[in-house]
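Engineer: Below is the structure I would like to discuss, written out as structure tokens.
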Amino acid sequence: NAHPSKVAKDLSAPNDLEAWWLPFTANRAFKQKPRMVARAKGMYYYTPDGREVIDGAAGLWCCNAGHNRDEITAAIQAQAAELDYSPAFQFGHAGGFALASRIAQLAPGDLDHVFFCNSGSEAVDTALKIALAYWNVQGQGSRTRLIGRERGYHGVGFGGISVGGIVKNRQFFGTLLAGVDHLPHTYNRAEQAFSRGEPEWGAHLADELERIVALHDASTIAAVIVEPMAGSTGVLPPPKGYLQRLRQICDKYGILLIFDEVISGFGRLGTTFAAERYGVVPDMITFAKGVNSGTVPMGGVLVRKSIHDAFMKGPDHVIELFHGYTYSGHPLACAAGLAAQDIYRDEKLFERAKTLEPVWADAIHGLKGLPNVLDIRTIGLVGAIDLASRPDAVGARAYEAMDRGFQEEGLMIRVTGDTIALSPPLIVTEDQIGEIADKLARIIRKVA
Ligand code: PLP
């Protein structure tokens, strides 16, 4: 039943790659030589022709429990058969409340309330909006300024790209939000190269917030948002003491601190949230991805009790926050979330990430000395390898590593610029860590 204007096209071909405009993808190169995935199980993807591909990236940093876990599949199937959808505007369902309570229990301090949405981008925009609205209900409506960080990635909504610090994600999209400033990023190769975990150098960069406060005055600043570990811009672990210092400065000036834990949440750094690893309680935490091991789109914001309670005023029948999504707390996403959280708890996967951290670090740092390797960083079950760029072709070497890794070596990795980023599912075994490192070594030699 194609539209009449389309009858000339052969839309019956099952493998027609034309219509889907892939996100964050070199579409023309992909469509000339596609990297297709047909199914997955545990640590592995399988291509349509049955080749095994080990997942070095947990999908997109999200499949923390590994792929196609039977318990999650069963929970999604049962939920779809019981309650496919119900609105969360003025109505509720048990799964949403159960998952929110579960996440609140896992969060540090008085991060007691959860606002659900459907992605990391929505979680970020939601957190920024809650921060702005909070200052309004507190009678401090002049606090409108949002502070992000260079090399931050906070998704692709207008809020997220405004506080984010990736030039390509910003330069084509107009004027963005007004009243945004940025902290400097924390990476310095000369001071930090080949560090394991948090680098020693760089805590002083948090003091740049003092400079920003001096420039704008605290009375105009609503919130600071940072990823505890910048993931998408190439895995930049926080310098020792940096996040603690940011918290101190935010406290000094009454500025809200938001941790974007879309990647670091749910075990990636060996604790439920990075906030726990660093002993810092932010005012809000954004999460997504690992909440249900990437199985159904879901994101959310954990909010401190005092912020939530500030909204709970006025007549009872009046909506307290004019914000939400049709699919906020979708029943299938919640069912998947509860099943994933059971797996994380029963298999102690967050502790597993902590135990494996040194094994992982040894394996990935073992690639030092291979051709073009400029730096290697590891933290938790995350790693990054910076490769030297080819003359006049930034990104080409890592792109080739990603492509040949998938096509020839059976390894899925994520690349950004000429950096290879790694984040295997938390079920990875020591042997599989070795398998990933061996494949990487061969790939890095091939793209020399
Ligand atoms: N925030 C961070 C820290 C992320 O790493 C990401 C995605 O990688 C996002 C936000 C955006 O999430 P999504 O792609 O689900 O919108």
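Engineer: When the Karplus curve 6.51 cos²θ - 1.76 cosθ + 1.60 is applied with θ = phi - 60°, which whole-Hz ³J(HN,Hα) does each residue of segment 231-242 get, with x for Gly and Pro?
Structural biologist: With the stated coefficients, segment 231-242 comes to x, 5, 8, x, 6, 10, x, x, x, 3, x, 5 Hz.
Engineer: Let me ask another. Run through the DSSP bridge list for the chain and note the antiparallel percent, rounded to the nearest 5.
Structural biologist: Taking every DSSP beta bridge with both residues in the chain, the antiparallel ones total about 65 percent.
Engineer: List 22, 83 from most exposed to least, where exposure is judged by having the fewest other Cβ atoms within 10 Å. Kindly include the intermediate steps, with their values, before the conclusion.
Structural biologist: Numbers: 22 11, 83 15.
Ordered by Cβ neighbours within 10 Å, fewest first: 22, 83.
Engineer: Also, I was wondering about something else. Which distance in nm do the two modelled labels at residue 218 and residue 244 give, with both placed 7 Å along the Cα-to-Cβ direction?
Structural biologist: 2.1
Engineer: Let me ask another. When N counts the residues of segment 197-285, how does its alpha-carbon radius of gyration compare numerically with 2.2 N^0.38 Å, as a ratio?
Structural biologist: On the way: Rg = 12.8 Å, N = 89, 2.2 N^0.38 = 12.1 Å.
Here the answer is 1.06, to two decimals.
Engineer: Distances over 40 Å make up what percent of all Cα-Cα pairs in the chain? If you can, show how the numbers build up before the last one.
Structural biologist: Numbers: 18545 of 100128 pairs.
So the portion of pairs separated by more than 40 Å is 19 percent.
Engineer: Once every DSSP H run of n ≥ 4 in the chain is given -39500 (n - 2.57) and the sum is divided by its residues, what mean residue ellipticity at 222 nm do you get, rounded to the nearest 500 deg cm²/dmol?
Structural biologist: Numbers: 16 runs with 161 residues, N = 448.
Computed ellipticity for the chain at 222 nm equals -10500 deg cm²/dmol.
Engineer: Same structure again: What is the pair-distance distribution P(r) of segment 97-194, computed from all Cα-Cα distances in 5 Å bins starting at 0, with each bin given as a whole percent?
Structural biologist: The calculated distribution, bin by bin, is 3, 12, 16, 18, 17, 16, 11, 6, 2, 0.
Engineer: At 0.36 nm per residue, minus the direct Cα-Cα distance, what do residue 150 and residue 309 gain on full extension? Give it in nm, one decimal, please.
Structural biologist: Numbers: separation 159, 0.36 × 159 = 57.24 nm, distance 3.22 nm.
54.0 nm is the gain from fully extending residue 150 to residue 309.
Engineer: Tell me, in nm to one decimal, what length is gained between residue 322 and residue 431 on full extension, where the rule is 0.36 nm per residue of separation less the Cα-Cα distance?
Structural biologist: Working: separation 109, 0.36 × 109 = 39.24 nm, distance 5.00 nm.
Result for the pair: 34.2 nm of gain on full extension.
Engineer: Right, here's the next one. Looking at the chain as a GNM with Cα springs under 10 Å, which of 232, 306, 195 has the largest mean-square fluctuation?
Structural biologist: The residue that fluctuates most here is 306.
Engineer: Using Cα pairs closer than 8 Å and at least 6 residues apart in sequence, work out the relative contact order for the chain, in percent. All intermediate terms of the calculation are to be shown ahead of the outcome.
Structural biologist: Numbers: 873 pairs, mean separation 95.6, N = 448.
Relative contact order for the chain comes out at 21 percent.
Engineer: In terms of modelled amide H atoms, which long-range or inter-chain residues lie less than 5 Å from the amide H of residue 221?
Structural biologist: Sorted by chain and number, the residues that satisfy this are 144, 145.
Engineer: Describe numerically, in nm with one decimal, the distance between label points set 7 Å from Cα along Cα→Cβ at residue 362 and at residue 5.
Structural biologist: Distance between label points: 6.3 nm.
Engineer: In what order do 204, 182 fall by count of nearby beta-carbon atoms within 10 Å, going from fewest to most?
Structural biologist: Listed from fewest to most nearby Cβ atoms, that is 204, 182.
Engineer: Let me ask another. Going by how many other Cβ atoms sit within 10 Å of their own, how do 163, 156, 37, 213 line up, fewest first? Present the calculation step by step, with values, prior to reporting the outcome.
Structural biologist: Values: 163 29, 156 18, 37 15, 213 22.
Exposure proxy ranking, most exposed first: 37, 156, 213, 163.
Engineer: Which of 108, 424, 237 moves most in a GNM of the chain, Cα contacts under 10 Å?
Structural biologist: Fluctuation is largest for 108.
Engineer: Along the Cα→Cβ direction, 7 angstrom out, place labels at residue 404 and residue 49. What is the inter-label distance in nm?
Structural biologist: In this crude label model, residue 404 to residue 49 measures out at 1.8 nm.
Engineer: In segment 29-120, which chymotrypsin sites (Phe, Trp or Tyr not before Pro) fall in coil by DSSP and have 16 or fewer other Cβ atoms within 10 Å?
Structural biologist: Numbers: sites: 30, 44, 45, 46, 61, 85, 89, 91, 97, 115, 116; in loops: 85, 89, 91.
Hits after loop and neighbour filter: 85, 89, 91.
Engineer: Moving on. Under 5 Å between amide hydrogens, which residues at least 5 positions from residue 415 or on another chain qualify, with H placed 1.01 Å from N in the peptide plane?
Structural biologist: 421
Engineer: Using only Cα atoms, locate the centre of segment 387-442 and the centre of segment 268-347, then give the distance between them in Å, rounded to an integer.
Structural biologist: 31
FYI, it's all coordinate maths here, none of it is from the lab. Keep in mind it's a predicted model, so treat the numbers as computed, not measured. Positions of Cβ are backbone-derived with ideal geometry, glycine not excepted, and every protein chain shown enters the neighbour counts.
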